[in-house]
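All of the numbers you see were taken from the coordinates with simple rules; none came from a lab. Note that the coordinates shown come from a computational prediction; the quantities given were computed from them, not determined experimentally. Heads up, the Cβs are rebuilt from the backbone with ideal geometry, glycines too, and the neighbour counts pull from every protein chain shown.
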Amino acid sequence: MATDFPAHHRFASGELFLQADRLEPCVLVIFGAAGDLTRRKLLPALYNLVRERALDERFAVIGYSRATQGDQAYRQVLHDSVVSYSRSQPIDESVWQVFAQRIAYVEGNFEDPEGYVALRRRLEEIESTIGSEGNRLFYFATPPSAASIILHRLSEAGVMESSGSDTPWTRVIMEKPYGRDLESATELNRIVGDVLLEDQVYRIDHYLGKETVQNILVARLGNTIFEPLWNRKYIDHIQITAAESIGVEGRGRFYDQTGVLRDMVQSHLLQVLSLCAMEPPVSFAADDIRDKRVEVLRSLRQFDSLEVFNHAVFGQYRGYRDEENVDRQSRTPTYAAIKCYIDNWRWQGVPFYLRVGKHLAQRMTEISVVFRPVPLCLFGRDDVCQELEPNVLTIRIQPDEGMALKITSKRPGDMLEVGSVEMDFSYSETYPHPIKDAYERLLLDAIKGDATLFARRDEVEFAWRFVTPILSAWESATRKQPVFYAEGGEGPVEAESLMDRYSRQWREIE
């Protein structure tokens, strides 16, 4: 099929794409091009990058899927998706029309060698037209089970080279989950390693692309009031909460086979935990940061099968078994609360509480660093001393991105009365420019070759090493049922038992 890509695009307000010396050119090939992730996240993210002139002018997209359609039909589907899901509204039709001419479609299934031959021909044609210098970025917006066959078919068709950091380069972005347990993740990494060098593999976790997740290290290491206190001497415990207000939303078949531990704990929550707990790196280079994240995951205390149920609560919202494509006897947890420990010098004895669930009161993801109480109440009166609350630093990841620090203050008046007040910082109020979507940042980083916010092979395997015994204990205890909780609440009351020591309590989901 002949391409209609012109070599350059212009419109009245100036260039839509950056000059070639600003960012490397490439062609992005998306496998799973008709899927939900592509329509809801990837194409809206790419449209916004084009709108903000963040991409080289020698950039193009090829969608690969088994659906029968041509370029124009595929572009219309994506146009409708951008209209529905782009963070910038209303969309600029002139920007879309320019971008749309850089979108092509190739029909083929994941196993058919002929589809990859057609893909290679289309790639070479487009590369010749736009001058992208042979740089190729492949995005696997597919189930992990498809990764092996796609990699080998690409290699057999001569579309993918083990080029490392050399130019022209080939890179692959892989979506989570990376396997279902330690054994399958290790095998998947082996298969990937047979075809690609490690520096070609970008294992994406969109949580690491969120602005406030990246701000964890800046807040710690850029402010002398925090880093000296960031240890077991001053911190009582840390809570990491990822609450969703929705249920499985039509993903019953996938979710019933996956569950909250595989879907959220192994990836999102452990990534956030590793950033909270890591030692200062020697630099902000990708592997220096990832080395320190791996050290945290290696230090997570592993539980045996008996300990698991003393440190974890598994819940399920009451209407889950009535969802479409969900087993009516399903034991799949939709909620988990886990108390874990990091056995190293900085964090020995400090509990980290992970809490994640669906159909809770609000959509909220945050980190709460709860400091130790003052060692001695100097205010004399018991009623005043009882009102003293610990200092809490809260980093809000979503939806209201920002930070808040709770401190104790005297209330105005003649009497000695104390109360807690919050110093609050909101991204939306402080910075006028909209916050980039996580996928926008991560796509740009992959094009640049910056792997800082992507998981490395050993990072994935150490995360699974912690989670797999918990999974195994739950899945083998077939007589145990998840504790049920009502939709729209705080989750199961049994989770409070994890907080009993030192009269701790979960922060309210609000």
*Which of the listed residues, Ala404, Pro144, Leu49, is farthest toward the dipole's positive end in the chain, when Lys, Arg count +1 and Asp, Glu count -1 at the beta-carbon?*
Ala404
_Sum of side-chain charges, Arg39 neighbourhood, beta-carbon under 15 Å (Lys, Arg +1; Asp, Glu -1)_ = 0
*Can you check what the net charge comes to around Asn48, using other residues whose Cβ is under 14 Å from the Cβ of Asn48 (Lys, Arg +1; Asp, Glu -1)?*
+3
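Once you've got the Cα coordinates, tell me which of Lys233/Lys406; Lys358/Lys406; Lys41/Lys448; Lys292/Lys406 are over 24 Å apart.
Correct reply: Lys358/Lys406; Lys292/Lys406.
Please give the FRET efficiency for Asn310 paired with Ser128, using the beta carbon to beta carbon distance and R0 = 60 Å, rounded to the nearest 0.05.
The value I calculate is 0.45.
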*Extended-chain gain in nm, criterion 0.36 nm per residue less alpha-carbon gap, Leu388 and Gln69*: 108.3 nm
*Take peptides 59-69, 490-500 and line them up by average Cβ neighbours within 10 Å, highest first, as a rough protection proxy.*
59-69, 490-500
_C-alpha center-to-center spacing [region 157-211, region 259-322] in angstrom_ = 20
*Could you work out the relative contact order of the chain, using alpha carbon pairs under 8 angstrom and six or more residues apart, expressed as a whole percent?*
16
_Going by average Cβ density within 10 Å per residue, which order do the peptides 448-461, 107-120 take, highest to lowest?_
448-461, 107-120
*Do the sum for the chain: with -39,500 (n - 2.57) for every DSSP H run of n ≥ 4, divided by all residues, what is the mean residue ellipticity at 222 nm, to the nearest 500 deg cm²/dmol?*
-9500 deg cm²/dmol
*May I ask you to compute the full-extension gain from Glu227 to Val374, defined as 0.36 nm times their residue separation minus their alpha-carbon distance, rounded to one decimal in nm?*
51.1 nm
*Using 1/(1 + (r/R0)^6) with R0 = 41 angstrom and r between the beta carbons of Ser84 and Gln348, what's the FRET efficiency to the nearest 0.05?*
0.25
*Once label points are set 7 Å from the Cα along Cα→Cβ at both Lys448 and Ser283, what is their separation, rounded to one decimal in nm?*
1.5
*Quick one: net charge of Glu227's neighbours, Cβ under 13 Å, K/R +1, D/E -1?*
+2
*So between Met423 and Ile246, what do we pick up on full extension, going 0.36 nm a residue minus the alpha carbon distance?*
60.7 nm
*Order of 290-300, 122-132 by packing, highest average Cβ count within 10 Å first?*
290-300, 122-132
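For the chain, what is the charge dipole size about the Cα centre, in debye to the nearest 20, if Lys and Arg each add +1 at the Cβ and Asp and Glu each add -1 at the Cβ?
On the way: 60 positive and 77 negative charges, 125 e Å.
Using Cβ point charges on Lys, Arg, Asp and Glu, the chain gives about 600 debye.
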